[in-house]
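Any read-out appearing in this document is the output of simple, stated calculations on the displayed coordinates, not a laboratory observation. Just so it is clear, the structure is predicted and the values come from calculations on it, not from any experiment. With ideal geometry, Cβ positions are generated from the backbone for all residues, glycine too; neighbour counts draw on all protein chains shown.
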Amino acid sequence: MENRTNLKDLQKPVVLCGMMAAGKTTVGRNLAAVTGLDFVDLDKEIERREDKSVPEIFTEYGEEEFRRLERQVLAGLWQEPKIIALGGGALQTPEFAEKIKQHSLMIYLNVSVSILVNRLSGKKNRPKLRNADGSWKTGQQLQEYIRNLLSERQPLYQKAHIIVDIDKELSPRKITEHLLQKIQCYAEQT
Ligand code: S3P
């Protein structure tokens, strides 16, 4: 993979946003490998600092506290250029999304509902995919949930400087190559 854009010249972090299972972590790792920048996965960083998994944090402290941790940990990360993969709900409010945009090159991996549902079916590691009775969302229920959550979050994701539309399964390598081209175009225009 060729990197013609020196992301270090951007002098700000590259922040990947999008729904759960959009591929933020995989693409983020690839981008970091190509550019030589450090990679931070926000969920993993929270887990490391709290010494608890994301599901444990949701169960023990609740979602509000998890969101507070996201804001707190993220605020300490954007001093230097690096690649950051956010959790799917990390943008939280228009004001916060705007703030992230000001401090970063923000990229939205806009993956179609059908691909997301396909990737998330049978996965039991994301607390947002549990029903109130503890069971896991499946089939039609999962599809409706993801569709509604996406339309709720879409206005925040759409604030990104660069949007990559993904409506068929492509290898992370192809997506990263495509993204590098988009970053190159963006860098030339600004
Ligand atoms: C969440 C997405 C997860 C994680 C948490 C909540 C969400 O991250 O932060 O389970 O609200 O969409 P990924 O997007 O990396 O799965």
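Within the option set E47, E56, being surrounded by fewer than 19 Cβ atoms within 10 Å (Cβ to Cβ), more than 25 Å from Y108 (Cα to Cα) and within 12 Å of the ligand (Cβ to nearest atom) holds for one residue only, E56.
From the residues in segment 59-83 that are surrounded by 15 or more Cβ atoms within 10 Å (Cβ to Cβ) and of a type in the set (A, V, I, L, M, F, W, C), which one is farthest from L10 (Cα to Cα)? Among those residues, the one meeting the criterion is F66. Listed conditions (1) of a type outside the set (V, I, T); (2) within 18 Å of T25 (Cα to Cα); (3) away from the ligand (no atom under 14 Å from the Cβ); (4) within 16 Å of the chain's Cα centre (by Cα) are all met by P81, apart from (4). Exactly one residue out of I163, I107, I115, I183 is more than 24 Å from L10 (Cα to Cα) and in contact (Cβ under 8 Å) with a residue 40 or more places away in the chain, and it is I115. The residues of segment 130-156 that are part of a helix (DSSP H, G or I) and without any contact (Cβ under 8 Å) to a residue 40 or more places away in the chain, listed by number, are G139, Q140, Q141, L142, Q143, E144, Y145, R147, N148, S151, E152, Q154. The single condition from (1) touching a residue at least 40 places away in the same chain (Cβ under 8 Å); (2) closer than 29 Å to K52 by Cβ that G76 fails is (1). Within the option set A90, A97, A85, being in contact (Cβ under 8 Å) with a residue 40 or more places away in the chain and touching a Pro at 6+ places or on another chain (Cβ under 9 Å) holds for one residue only, A97.
The residues of segment 11-44 that are within 12 Å of the ligand (Cβ to nearest atom) and in contact with a Phe, Trp or Tyr (Cβ under 7 Å, 6 or more places away or on another chain), listed by number, are C17, G18, G28. Residue pairs whose Cβ atoms lie under 6 Å apart, separated by 6 or more positions or on different chains, with the first residue in segment 31-43 and closer than 28 Å to E63 by Cα and the second within 15 Å of the ligand (Cβ to nearest atom) and in a helix (DSSP H, G or I), are F39/G28; F39/R29; D41/T25; D43/V54. Examine segment 96-108 for a residue that is surrounded by fewer than 16 Cβ atoms within 10 Å (Cβ to Cβ) and either near the ligand (Cβ under 10 Å from one of its atoms) or small (G, A, S) (or both), and state whether such a residue exists. No, segment 96-108 has no match at all. What residue, among those in segment 148-166 that are within 17 Å of the chain's Cα centre (by Cα) and surrounded by fewer than 15 Cβ atoms within 10 Å (Cβ to Cβ), is farthest from F96 (Cα to Cα)? Per the criteria, the residue is D165.
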